[in-house]
Structures are given as structure tokens and as C-alpha cells.
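Input: a single structure, listed below in C-alpha cells.
The values are calculated or read from the model by the stated rules, or taken from the named source; none is laboratory data. On a predicted model such as this, the values are computed, not experimentally measured, just so you know. Cβ atoms come from the backbone with ideal geometry, glycine included; neighbour counts cover every protein chain shown.
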Amino acid sequence: MATLTAARKTGLRRELEAIVGPGAVLSDPDELLVYESDGLTLFRALADFVVFPTSAEHVAAVVKLAARERLPFVARGAGTGLSGGCLPAEGGIVISLMRMNRVLEVDYANQLAVVEPGLVNLHLSWKVGPKGYYYAPDPSSQQACTIGGNIANNSGGPHTLKYGVTTNHVLGLEVVLPDGEIVWLGGRTRETPGYDLAGVFVGSEGTFGIATKIVVRILKKPQAVKTVLAVFGDVDQASAAVSAIIARGLVPAAVEMIDQLTIQAVEDAFGCGYPRDAAAALLVELDGLLVGLDAQAEQIVQACRDSGAREVRTARDESERALLWKGRKSAFGAYGRISPAYMVMDGVIPRTKLPYVLRRVNEIVAAHGLRVGNVFHAGDGNLHPNILYDPRKPGEEARVVEAGAAIMKVCAGVGGSISGEHGIGLEKSDFMPFIFSAADLALMHRLKSAFNPTGLCNPGKIFPTKKSCVEVGPVAYKPHAIEEQGLAQRF
Amino acid sequence: MQDALLERLSATVGPANVLRGVDLSPYAVEGRTPEAAVFPGSLDEVAAVIAIAAEREVPVNPWGGGTAASVGMPALRAGLVLGLRRLDRLVEHEPGDLTVTVEAGMTVSALQAALRDRGQWLSLDPPEAERATIGGVLAANASGPRRHLYGTARDLLIGVTVVTADAAVVKGGGKVVKNVAGYDLPKLFIGSYGTLGVIVEATLKLRPAPDTERLVAVRFDRLKDAGAAIRALMSSDLIPNAVELLDATAAAALGPGATGGAPGLGAVLVVGFDGLAEQVEWQCAELARLAAQHGAGDVAPLAPEVWPRLAVAARAAVPVASAVMRFAVLPTQVAELMEHGADVARARGLQTAWASHAGVGVVTASIFAERALREPAPVVAALTAWREMARAGGGHATLDWAPLAVKSQVAVWDDLGAAGRLMQRIKAQLDPKGLLNPGRFVGGI
């Protein structure tokens with residue numbers, strides 16, 4: 001929201017260039033367009049500047065400048081977020097961490113790595129893979145999303161069912177606080193004195209400061225992996241199978257559900273071997289010791305058969321396994337082939353409420369005259385209904401937003417949450433009262449005040465707001481600049 | 001304390017639930033006796049008690065089972081002990097969701113017993129589970145040997161209800177296992193030692209009970225060899241649920257099985273495995289093979305009763321301890337810290353016992369009392385040297401227990417640097433009047 005006078009803008013640009021270097025500041029409106037939204041293109045907001053620091057000192061200096069000038073600022077990773085969390089909602093400076101993407105250190109003996117925030121999630125596993133290690137949190141966008149972005153959203157992924165989400169894998173962070181001070185929260189050891197500030201920082205959606213170094217745990221790759229595909233003629237049976245697996249005392253690494261519409265989209269696009277006529281499929285992965293794995297897989301097979309699976313098969317080799325996972329992980333891309341647009345929802349429910357909630361989701365979407373595809377982390381009750389729509393049809397986008405709100409109310413109503421891994425950002429700030437009282441929100445606000453007393457660090461997010469000066473809110477769909485150039489599609 | 005205040009408290013929770021005078025002796029910490037102990041019977045009563053205390057600016061010391069009551073500095077001012085023992089109900093357990101909601105005053109062992117009947121467990125095994133309450137375990141961030149595989153409270157707590165210093169009832173997190181809505185308030189209260197709010201209810205993730213579990217001991221002549229064996233174990237395919245390293249003195253506290261009846265020198269590595277019987281069997285065999293390569297003796301099975309002794313072994317090995325220090329270091333530094341730490345103490349004429357959750361780098365050491373209580377100087381010198389050793393390697397030390405004569409010379413908590421100021425700002429935001437456990441925690445919080 002270019003509200004700065006030309007003279008002030010020129011002066012600020014010069015100062016920013018003095019900090020990060022002349023090739024690391026954008027202020028031309030055309031260049032800024034790329035940064036006006038994240039993966040949720042319903043929301044758009046323009047920054048005055050985008051800067052590309054390469055060190056914590058750069059970040060601190062930019063933040064101090066912003067504080068002095070009372071300009072809002074927001075950190076940004078790859079921009080794959082799905083809740084508008086990294087948008088410059090009130091203008092100001094976008095601090096892109098994409099040039100801080102190094103693995104600084106790997107300590108295999110102590111199973112940790114020190115990385116910069118702009119490192120792409122999957123690149124860490126690539127780096128430590130040759131020695132038999134990996135980084136466990138695996139969001140579906142892991143080929144593009146950054147560890148810093150994962151910190152902001154406390155990102156999950158399919159394998160977090162057994163291994164936990166980002167916060168369970170972060171030991172410490174070097175953080176630039178909103179006043180420009182550089183502090184360490186947590187560290188390399190498993191315990192650090194005082195409050196668990198690293199734990200509080202993770203998932204704070206960029207409102208507590210900017211992480212510039214991150215100490216993460218790396219895990220030994222399991223000795224063996226087994227992947228089972230169970231095919232159902234009825235969605236309720238698939239839901240029942242999830243409960244049956246849990247009831248047998250098994251903790252799979254992942255339990256993913258894919259519904260018919262999604263299977264068909266995936267098969268059209270990639271041909272991954274899912275039966276097109278199935279009502280739903282479960283992708284169940286077990287890992288751990290080679291000894292006993294077959295027996296445990298047999299338990300999974302039995303649990304699925306007992307629940308009415310019409311077909312259960314086990315991936316015979318790594319390539320078959322990879323193909324099944326490709327189907328799961330590329331589902332979002334496949335929707336693009338059957339619908340001009342879609343909106344990814346994210347909600348969590350107690351696992352036992354799965355059959356009821358899936359029925360309600362389908363009813364709600366149908367009542368709004370829309371279609372929905374479900375592909376989600378069934379094992380931990382993390383739903384992703386994806387509502388398909390055509391933004392060119394008048395009123396359709398508004399109905400998507402309405403249906404989304406109704407689905408969130410259903411999740412809240414069964415004791416669930418309005419976000420399992422995508423965050424609140426701009427998208428869901430007004431849904432927070434669905435699950436939190438005024439007192440809950442007031443305490444969160446006090447916590448925010450301790451980190452970010454001026455509120456300049458990523459303003460307008462998480463908390464229900466009186467809408468700010470900028471028009472943030474559902475606007476008519478238009479493709480992102482890089483989509484128009486054919487450089488990317490929406491996932 | 002004014003009688004008017006006590007009358008209001010009595011009217012709030014019932015006279016039988018307010019203790020005074022000699023009845024307060026179990027609640028004296030470091031020789032300081034509170035003004036009264038109050039035991040509310042509901043969430044609303046907790047809030048009402050805090051509202052009364054806040055109005056009169058009387059400090060509040062939340063109290064579970066009292067197992068960690070002496071950690072930290074004693075309260076700056078005498079106040080009320082707020083006991084949670086009457087809030088001891090299991091609120092909700094849905095096995096299919098693998099979650100449980102409990103009131104803060106329920107003991108860990110009572111919860112585990114209730115869950116065991118339904119084939120599940122809370123994968124947290126803090127010391128003194130018979131006395132330790134869920135609320136207290138969370139507030140003190142207590143843990144045990146199985147944290148090696150299953151983590152600590154921060155990995156299990158998904159929702160929390162607290163009463164804050166302004167008597168507001170606040171919920172953080174929720175009841176579902178995955179949740180990123182709003183800030184992660186459960187993390188804020190774990191390990192906060194009651195300085196930010198009184199935990200009254202918690203929702204935790206559960207796990208299915210394993211088919212089999214086994215604990216085994218491997219003896220080494222030297223700590224160094226045990227350290228090398230642990231490195232090999234950690235980089236192997238094995239998935240132990242506990243990796244404990246004890247010096248011979250601490251190992252003696254586990255019972256005769258651990259030391260092979262011949263205590264004295266050397267070290268004992270205790271490893272736990274769970275899972276299917278065949279998995280446990282295979283892992284024990286692999287462990288034996290791997291340990292033998294590092295000069296170990298036989299792998300000896302230990303009785304299940306040894307489990308709860310592991311976390312308290314360093315302390316239990318010493319009849320009267322004059323100080324207990326807890327360290328967090330890198331796993332590869334554990335054996336060396338134990339060896340050098342004992343040397344440093346011995347050079348000052350002090351005998352010590354050392355035990356550790358070696359796989360996660362958490363070490364506990366205690367110093368024998370003997371002369372030490374009369375002469376704190378060598379104890380102070382040893383503790384100071386220990387802290388320097390830990391910090392030199394990037395680790396931390398906390399003086400878990402010591403008499404005030406020692407605590408007044410050796411800081412309980414490490415210096416926190418810049419993060420400490422942030423913690424003080426959080427305390428000021430949540431408890432501006434310093435009502436909750438004032439002066440007990442880091443940086444005078």
C-alpha cells in the first residue's frame with residue numbers, strides 16, 4: 001500500500017540498500033507484485049519494499065530501521081503458506097529470507113543440524129540423507145517451503161502422526177526480536193533454563209520476531225518401511241478403518257485418506273494406481289524395525305478388511321511406494337486439472353468424529369452448490385476439504401468462503417480446531433472466537449505484547465481485527481503474476 | 001495474616017479445606033512456613049481463591065504433590081499454598097482419540113492405572129509418580145528415562161486450562177492432537193514453576209501400551225567405553241525407549257541386578273526396549289553384540305521395578321545429599337562430564353553419584369553430605385566448577401536442590417542473557433503484581 005511519499009521512499013530505499021546491498025531491495029511496484037500474496041491468493045496486499053538479507057545482522061538492521069520509521073514488517077519464506085500469514089497486510093517491508101538458505105552445521109553424533117530460515121525443507125533431508133538421517137516434518141509443499149516458514153506455522157505433514165510436528169523437532173532458534181535485538185531461544189541441548197520460549201515462538205506466525213538460525217533434530221532413517229493401500233466402497237468404512245487401526249494399538253507413521261473425487265483427479269493427472277471407482281482409499285505407512293514389521297502390516301491389513309475394505313495391497317518395492325505417495329502429495333496439483341480454482345481448507349477434529357464430520361462437510365458444500373475433494377491426514381484427524389469453484393462465476397467465491405466458515409464451525413463444534421497446520425494468518429482471524437474465549441485471546445495478546453510491544457512485526461494476523469486500513473478480505477480471484485507467466489500453478 | 005482474609009477463604013472452599021498453624025508443616029519449604037494452605041474443590045474455587053489473594057496482594061504458591069517444592073529459590077514473601085489435591089478427577093478419556101483430559105491434582109500413577117485398564121498409557125514417567133500430580137509434573141517439566149523415545153511434557157500436552165494472576169480462566173491449545181490455532185500456550189506453562197498461572201486441567205496425547213517392555217544393564221569398566229557404546233547405539237537401527245548411563249555409585253541404588261553384585265568402579269549402561277516380543281528380543285541381542293565391541297560385560301536383564309529408580313538414582317545413592325545439580329549437555333558430552341565432574345569433586349574431598357538420561361544429554365549429580373553441610377565451601381567450589389564445565393560445552397546447569405547456605409552462593413539457575421529480559425517481560429505481562437511464586441524462578445521471576 002504505497003502510502004509513503006516519493007521522497008521518503010527514496011530515502012528509505014537508500015538506507016535499506018546500505019544495509020543489504022543494492023541488489024537486494026525491491027521497490028518497483030511491478031516487482032513487488034510477486035510478493036502481494038502467498039498460496040492463498042484470495043488475499044493480496046502490497047509492500048513498500050522487499051529486502052533480501054543474508055545475515056542475522058542484516059535482518060536486525062532492517063528491523064531497527066523499520067522500528068525507527070514505524071513501518072510494519074513481515075518475514076517471508078517461499079510464500080507457500082495457505083492463510084495469508086506472510087502478507088504485508090499494512091504495507092511496509094517484506095523481509096525475504098530466501099537468500100539465507102544454508103545448512104550451517106550438521107552434528108550427526110548428536111542428531112542435530114543448524115540451518116538458516118530460507119533453507120527449503122526437503123533440502124535438509126537431501127543434505128543429511130547420505131548418512132542415513134532425515135528431517136521428519138514433511139509438509140506436502142516440502143519441495144518448496146522453507147524451514148523458517150515451517151517454524152512460523154508449526155507445519156505438519158503426513159508423517160507427523162508418529163513423529164510430531166515442527167515444534168517437536170526444534171531445539172533452539174536465533175531470533176531477531178521486533179526491536180532488533182538478537183537473542184537465542186532454547187539452544188542445542190534438550191533443556192534450557194527458563195520458559196520454553198522456543199516452544200512459544202514456533203507457530204507464532206511471524207508475530208514474535210524473525211528466526212535467523214534454527215537448531216533442528218535430525219532422525220535416523222527407519223530400518224524398514226511398509227506402505228499399505230486400502231480401497232473402500234464407502235467413505236464411512238474408510239473412517240471406521242482409521243479407528244480400527246488405532247484400536248489395535250498400532251501407531252503407523254502415516255494414515256492418509258483420499259476420496260473419490262481426488263482419486264479421479266490424481267489418476268487423470270498422474271496415473272498412480274489408485275482405483276478410479278473407489279469411494280475412498282487409505283494410505284497407511286508403517287516404519288521401524290524390520291523385525292516384526294510384516295506382523296504389524298498384517299494387523300493393518302486385517303483392520304482394513306474388518307472395516308469392509310474391498311481391496312488391500314502392500315507396495316512391493318520403493319518405486320511402487322513412491323508412486324502411491326506421489327498420488328497423495330500431488331493431489332492439490334491434480335485439482336487444477338478438474339477445476340479452475342479451489343480453496344484448501346484446514347481443520348482438525350477428534351479422530352472418532354471422522355464419519356460424522358465428513359458427512360457434514362459434504363452436505364455443507366453441496367448445499368452451497370459446490371464440489372469438494374478430501375485428501376487429508378486421517379490418522380490425526382486433520383481434514384483438508386478442498387472446495388472446487390469457478391471464480392469467474394459471480395457469487396461462487398463468496399459461497400466458498402461461506403461454506404468454509406460453516407465447516408470450521410462444525411470442527412469447532414465437535415471439540416476440534418480451526419487449523420491443524422496452515423495457521424490462522426489473515427484467513428481465519430475472525431474464526432478465532434469459534435474456539436477461544438475473550439480471556440484466552442487476551443492472554444495471547446499479552447504474550448504478543450511481551451515479544452512485539454509496538455505491533456509492527458507482522459500486524460493484522462491471528463487476532464480477530466477491526467479491519468485495517470487496507471482492504472484485506474476475499475476479493476475477486478485473479479491469477480498470481482507468476483501463474484500468468486506459466487511459472488507456477490496453485491497447490 | 002488477617003483473620004478476615006482467612007474467613008473469606010474458608011467461606012470460599014469450606015473450613016475443612018483451609019489449613020493453618022501446625023498443620024502447615026508439610027508445606028514448609030527451606031524452613032519457611034506459608035500463612036495458610038487452601039484446597040479448592042473446583043475450577044471456580046481456584047479462581048475465587050486467586051481473586052481474594054490478588055485483592056490483598058498475598059502471594060500464591062500452587063502445590064501439587066510437593067515433589068518439586070524445593071526447586072528454585074524460596075518465595076520472597078510468605079503467602080498461600082494453593083493445593084490442587086482435591087482436583088483429581090479424570091475428566092474425559094476417549095481411547096479412539098488417544099487423548100485424555102485430567103484435572104491437575106490427579107497423580108501420575110492414578111492416571112496411569114486408569115489408562116492401563118484400557119490398553120493405553122501416558123508416555124511420561126517422572127519420578128515419584130505416586131505423589132507427583134499432572135499439574136505439578138507440567139509446571140516442573142518433570143520427566144523420566146522413557147523421554148529418550150517419547151519426549152517430555154512439551155511433546156504430549158495439547159491443551160491446558162489455567163487460572164492466571166488476575167483470576168481469569170484461560171484455555172490454551174485444545175483437545176485435538178494437531179492444532180496450530182493461536183499461540184502455543186501449553187508450551188508457555190510447561191516448566192514455568194507456577195509463576196505464570198495455576199494449571200487446573202490438562203489434555204494430553206496418549207499411546208497404546210506396548211506388548212512387551214524390557215530393561216537391561218550392561219557393565220563397563222570405564223565411563224569412556226560406555227560413552228562410545230552409546231554413540232554406536234544411537235547411530236544404529238535400534239530404537240531404545242531409554243538410554244541411561246550411571247556411575248557405579250548411582251547404579252548401586254538400582255539394586256543388585258544392575259551392578260552384578262559387585263559395586264565399585266566403572267559404569268552401567270541401562271537400556272530399555274518396547275514393542276513386539278520379537279522386536280525386543282532382537283534388539284537385546286543386537287545391543288549385546290554392539291556393547292561387546294566396546295568392551296562391555298554381559299547384558300543382564302533388570303526387573304521392571306528398576307524403572308522408577310532410574311530418574312532418582314543419583315539422589316537415592318546418597319544417604320543425605322548436600323546438593324543435587326542437573327545438567328543439560330549434548331549427548332556426546334555426557335560420559336566426559338560424568339567422569340570429569342566426579343574428578344573435580346574428588347579433588348575437593350567430595351564423594352558424588354552420577355546418573356543420566358544419556359541419549360538426550362540430561363545428567364544429574366549429587367554430592368554426599370558428610371562434612372559438607374558444616375563446610376559449604378568445597379561444595380560451592382565443586383558446583384561452580386561443574387556449572388563452568390557444562391557451560392563451556394554449550395550446556396546448562398541447574399542447582400536442583402541444596403540448602404540455602406549453598407543456594408545463597410551458587411545461583412540456582414543459569415544466567416539467561418538476553419532471553420531472560422524477554423522472560424521478565426512475559427512475567428510482567430501475565431503477573432504484573434508478582435503474585436505467583438514470586439522470586440522463585442529464573443532471573444528473580
> Residues in segment B:271-297 that are outside any helix (DSSP H, G or I) and without any contact (Cβ under 8 Å) to a residue 60 or more places away in the chain: how many?
Replying inline: 1
> Of these, A:Glu311, A:Glu298, which one is without any contact (Cβ under 8 Å) to a residue 40 or more places away in the chain and more than 29 Å from the chain's Cα centre (by Cα)?
Replying inline: A:Glu298
> Residues in segment B:319-332 that are outside any strand (DSSP E or B) and more than 14 Å from chain A (Cβ to nearest Cβ): how many?
Replying inline: 2
>> With the requirement that a residue be surrounded by fewer than 23 Cβ atoms within 10 Å (Cβ to Cβ), among the polar types (S, T, N, Q) and out of contact with any Lys or Arg (no Cβ under 6 Å at 6 or more places or on another chain), what does segment B:30-77 give you?
In response: B:Thr33, B:Ser42, B:Ser70
> Among the strands (runs of 3 or more DSSP E) contained in segment A:155-225, which hold 2 or more residues that are under 22 Å from the mean Cα position of the chain (by Cα)?
Replying inline: A:170-176, A:210-217
> If A:Ile246 satisfies every condition in (1) under 19 Å from A:Phe232 (Cβ atoms); (2) away from every other protein chain (no Cβ under 13 Å); (3) at pLDDT below 95 but one, which is the exception?
Replying inline: (2)
> Name the residues in segment A:122-142 that are out of contact with any strand residue (DSSP E or B) (no Cβ under 7 Å at 6 or more places or on another chain), free of Cβ contacts under 8 Å to residues at least 40 places away in the same chain and away from every other protein chain (no Cβ under 12 Å), would you?
Replying inline: A:Leu122, A:His123, A:Trp126, A:Pro130, A:Asp138, A:Gln142
>> What are the pairs with Cβ atoms under 6 angstrom where one residue, in segment A:147-168, is closer than 14 Å to A:Tyr134 by Cα and the other, located anywhere, is surrounded by fewer than 24 Cβ atoms within 10 Å (Cβ to Cβ) and hydrophobic (A, V, I, L, M, F, W, C)? Sequence gap at least six, or different chains.
In response: A:His159/A:Ala253; A:Tyr163/A:Ala136
> Within segment A:389-414, which residues are surrounded by 21 or more Cβ atoms within 10 Å (Cβ to Cβ) and outside any helix (DSSP H, G or I)?
Replying inline: A:Tyr389
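Evaluate segment A:136-153: report whether one residue or more is β-branched (Val, Ile, Thr), surrounded by 24 or more Cβ atoms within 10 Å (Cβ to Cβ), in a strand (DSSP E or B) and modelled with pLDDT of 95 or more.
Yes; the residues of segment A:136-153 include at least one that is β-branched (Val, Ile, Thr), surrounded by 24 or more Cβ atoms within 10 Å (Cβ to Cβ), in a strand (DSSP E or B) and modelled with pLDDT of 95 or more.
Restricting to strands (runs of 3 or more DSSP E) lying wholly in segment A:65-114: which have 1 or more residues that are under 27 Å from A:Ile418 (Cβ atoms) and in contact with a strand residue (DSSP E or B) (Cβ under 7 Å, 6 or more places away or on another chain)?
A:73-76, A:93-96
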> Of the residues that sit in segment A:31-62 and are of a type in the set (Asp, Glu) and within 27 Å of the chain's Cα centre (by Cα), which one is surrounded by the most Cβ atoms within 10 Å (Cβ to Cβ)?
Replying inline: A:Asp38
> Is there any pair linking a residue in segment A:396-410 that is over 20 Å from A:Glu421 (Cα atoms) to one that is among the charged types (D, E, K, R), with Cβ under 7 Å and at least six apart or on different chains, and which?
Replying inline: A:Glu396/A:Asp390
>> Being loosely packed, with under 12 Cβ neighbours inside 10 Å and outside any loop (DSSP other than H, G, I, E, B) is true for just one of B:Ala11, B:Ala16. Which residue is that?
In response: B:Ala16
> Taking A:Gly11, is it within 26 Å of A:Gly156 (Cα to Cα) and modelled with pLDDT of 95 or more?
Replying inline: no
> Going by the conditions given, is A:Ala113 buried (at least 17 other Cβ atoms within 10 Å of the Cβ) and under 30 Å from B:Ala228 (Cα atoms)?
Replying inline: yes
> Could you say whether any residue in segment A:63-85 is within 23 Å of the chain's Cα centre (by Cα) and farther than 25 Å from B:Val180 by Cβ?
Replying inline: no
>> Checking B:Glu128 against (1) within 14 Å of another protein chain (Cβ to nearest Cβ); (2) surrounded by fewer than 24 Cβ atoms within 10 Å (Cβ to Cβ): exactly one of these is not met. Which one?
In response: (1)
>> Which residue is farthest from the other protein chains (Cβ to nearest Cβ), if the candidates are limited to segment A:426-443 and must be out of contact with any Phe, Trp or Tyr (no Cβ under 8 Å at 6 or more places or on another chain) and touching a residue at least 24 places away in the same chain (Cβ under 8 Å)?
In response: A:Asp430
>> Quick check on this structure: which one of B:Thr107, B:Thr133, B:Thr67, B:Thr99 is over 21 Å from the mean Cα position of the chain (by Cα) and among the polar types (S, T, N, Q)?
In response: B:Thr99
> Which residues, counting only those in segment A:178-207, are farther than 25 Å from A:Ala109 by Cα, facing another protein chain (nearest Cβ under 7 Å) and surrounded by fewer than 22 Cβ atoms within 10 Å (Cβ to Cβ)?
Replying inline: A:Glu181, A:Val183
> Which residue, of A:Gly373, A:Gly415, is over 26 Å from A:Pro464 (Cβ atoms) and either under 22 Å from the mean Cα position of the chain (by Cα) or among the hydroxyl-bearing types (Ser, Thr, Tyr) (or both)?
Replying inline: A:Gly373
> Out of the residues in segment A:249-279 that are farther than 18 Å from A:Leu323 by Cβ and charged (D, E, K, R), which is nearest to the other protein chains (Cβ to nearest Cβ)?
Replying inline: A:Asp259
> Can you tell me which residue in segment A:429-461 is surrounded by the fewest Cβ atoms within 10 Å (Cβ to Cβ), limited to those that are assigned to a helix (DSSP H, G or I) and within 20 Å of the chain's Cα centre (by Cα)?
Replying inline: A:Asp430
>> Here's a check for you: in segment B:164-178, which residue that is in contact (Cβ under 8 Å) with a residue 12 or more places away in the chain and touching a Gly at 6+ places or on another chain (Cβ under 6 Å) is surrounded by the most Cβ atoms within 10 Å (Cβ to Cβ)?
In response: B:Val176
>> Return the residues of segment A:229-255 that are buried (at least 24 other Cβ atoms within 10 Å of the Cβ) and part of a strand (DSSP E or B); say none if nothing qualifies.
In response: A:Leu229, A:Ala230, A:Phe232, A:Ala254, A:Val255
>> Can you tell me how many residues within segment B:268-279 are surrounded by 23 or more Cβ atoms within 10 Å (Cβ to Cβ) and either within 11 Å of another protein chain (Cβ to nearest Cβ) or modelled with pLDDT under 95 (or both)?
In response: 2
